[in-house]
Amino acid sequence: MHDQAEALRMKMLKAHRKTARSVAIISGKGGVGKSNFTANFSYSLAAKGQKVIIVDMDIGMGNIHILFGATPNHSLKDYLTGSKELQDVITPLDNELAFIAGGSGLETVMEWSESMFDRLIEGFSILQADYDVILFDMGAGATKSSIDLILAVDEIILISTPEPTSITDAYSMMKFICMQDADKTFHIVSNRVIKEEDGRDSVARLQLAMRKFLSAETNVLGFLPDDTNVRNAVVAQTPFVKLYPNSQITKRMKVITESFLLGDQPHTSIETSGFLGKLKSIFRKGRG
Ligand SMILES: Nc1ncnc2c1ncn2[C@@H]1O[C@H](COP(=O)(O)OP(=O)(O)OP(=O)(O)O)[C@@H](O)[C@H]1O
Ligand SMILES: [Mg+2]
């Protein structure tokens, strides 16, 4: 009965939605688990009936495909440079899950041209109509175009570990975004938590700092334990939620996923979704 009610609720949510939630997965300092979170979160969302696409924004050093054990033939760069169409760079995975690879090899690090921005906006408008959720796995290090994209998306999921340095960097990152877009929806996930209370304390401190100094509200989605299964899953090139469905970390990911889906604010048309409009104005401004 409970499952039926849940299925109905999801169906109704989807019926209202005409455009995807655009979500950037970010962190202050790098290496805190963004890509592993993105891969597993996407899988967990898809298991809940959501049609999800990951865009690996770590252009030139993407690793999402490795986490899924997939060998994509083409990457976002091939679409942006016009050598491939959008459908050619989308790699389908299980369920209703797909990704666009960031591409590997340093030689693919590129300067963005005007026509690439036009392709980007055109491509993302197609994705917005086709999917329920677009997850942008942001790479380590902030480039101009990654900051532009972060400012354009509707929602941010910030990954932080309970370490003080990770917390202060996370705060600086959120402050930077908040100063430019006071209306952004911020979610926080604490990763690699060893003691539950440390995880809770660290996000509570972040939340308090955001409220006190920036008058910004943040939504705590949950925490993920530090778990050797993450590494094992990376080696097996399979998301841990799939490989270890009954593990603690998978249970925690489910809580995070449900919490994210509960916070859904259905958009009714592409025009009322902030993402594309913002993307256009940010990129046009950048080009003067
Ligand atoms: N919950 C966890 N428990 C144990 N190890 C973890 C956990 N989350 C991530 N890791 C490990 O941390 C390392 C970095 O993870 P990941 O590549 O996802 O970070 P990232 O934030 O995407 O890095 P970058 O900033 O370079 O893109 C990996 O070796 C991964 O196995
Ligand atoms: Mg990464």
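The values are calculated or read from the model by the stated rules, or taken from the named source; none is laboratory data. None of the values given here were measured: they were computed from a predicted structure. FYI the Cβ positions are ideal-geometry reconstructions off the backbone, even for glycines, and counts take in every protein chain you see. Side chains are part of the model used for accessible areas, which takes the heavy atoms of the whole protein and leaves out ligands, DNA and RNA. Shrake-Rupley method; radii C 1.70, N 1.55, O 1.52, S 1.80 Å.
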| request: Take the stretch 144-166 and flag every residue that is more than 16 Å from ligand 1 (Cβ to nearest atom), out of contact with any helix residue (DSSP H, G or I) (no Cβ under 7 Å at 6 or more places or on another chain) and not in a helix (DSSP H, G or I). | output: 155
| Quick check: anything in the stretch 192-200 in contact with a Gly (Cβ under 7 Å, 6 or more places away or on another chain) and either touching a residue at least 24 places away in the same chain (Cβ under 8 Å) or not basic (Lys, Arg) (or both)? | yes
| request: Output the number of the condition that residue 156 fails; it satisfies all remaining conditions of (1) hydrophobic (A, V, I, L, M, F, W, C); (2) touching a His at 6+ places or on another chain (Cβ under 8 Å); (3) open to solvent by 20 Å² or more (accessible area, probe 1.4 Å). | output: (3)
| query | Restricting to the stretch 247-288, what's the tally of residues that are open to solvent by 20 Å² or more (accessible area, probe 1.4 Å) and at pLDDT below 95? | reply | 22
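Any residue in the stretch 117-131 that is within 16 Å of ligand 2 (Cβ to nearest atom), surrounded by 15 or more Cβ atoms within 10 Å (Cβ to Cβ) and either at pLDDT 85 or above or among the basic types (Lys, Arg) (or both)? Before the answer, list the steps.
Going residue by residue through the stretch 117-131, those that are within 16 Å of ligand 2 (Cβ to nearest atom) are none.
The answer is no; no qualifying residue exists.
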| query | Which of the residues belonging to the stretch 204-235 are in a helix (DSSP H, G or I) and of a type in the set (Val, Ile, Thr)? | reply | 228, 230, 234, 235
| task | Among the residues of the stretch 219-232, write down those that are buried (at least 17 other Cβ atoms within 10 Å of the Cβ) and touching a Lys or Arg at 6+ places or on another chain (Cβ under 8 Å). | result | 222, 223, 224, 225
| Considering only residues of the stretch 18-33 that are buried (at least 24 other Cβ atoms within 10 Å of the Cβ) and of a type outside the set (A, V, I, L, M), which is nearest to residue 137 (Cα to Cα)? | 22
| task | Scan the stretch 214-249 for residues that are of a type in the set (Gly, Ala, Ser), within 20 Å of the chain's Cα centre (by Cα) and closer than 16 Å to residue 47 by Cβ and jot them down. | result | 233
| Scanning for something within 16 Å of ligand 2 (Cβ to nearest atom) and closer than 27 Å to residue 169 by Cβ, does the stretch 68-85 turn up at least one residue? | yes
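Which one of 198, 169 is assigned to a helix (DSSP H, G or I), within 12 Å of residue 26 (Cα to Cα) and within 15 Å of ligand 1 (Cβ to nearest atom)? Don't jump to the end; show me each part of the working.
Numbers: 198 fails: within 12 Å of residue 26 (Cα to Cα).
From the options 198, 169, the qualifying one is 169.
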| message | Here is a list: 46, 24, 7. Which entry is assigned to a helix (DSSP H, G or I) and at pLDDT 90 or above? | response | 46
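When you check residue 173 against the structure, is it at pLDDT below 95, surrounded by 15 or more Cβ atoms within 10 Å (Cβ to Cβ), of a type in the set (A, V, I, L, M, F, W, C) and under 24 Å from residue 261 (Cβ atoms), yes or no?
Numbers: at pLDDT below 95: yes; surrounded by 15 or more Cβ atoms within 10 Å (Cβ to Cβ): yes; of a type in the set (A, V, I, L, M, F, W, C): yes; under 24 Å from residue 261 (Cβ atoms): no.
In short, no.
Quick grid of which residues meet (1) more than 13 Å from the chain's Cα centre (by Cα); (2) aromatic (Phe, Trp, Tyr); (3) surrounded by fewer than 16 Cβ atoms within 10 Å (Cβ to Cβ):
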| site | (1), (2), (3) |
| --- | --- |
| 42 | no, no, no |
| 50 | yes, no, no |
| 57 | no, no, no |
| 70 | yes, no, yes |
| 78 | yes, no, no |
| 92 | yes, no, yes |
| Out of (1) farther than 21 Å from residue 45 by Cβ; (2) over 19 Å from the mean Cα position of the chain (by Cα), what's the single condition that is false for residue 166? | (2)
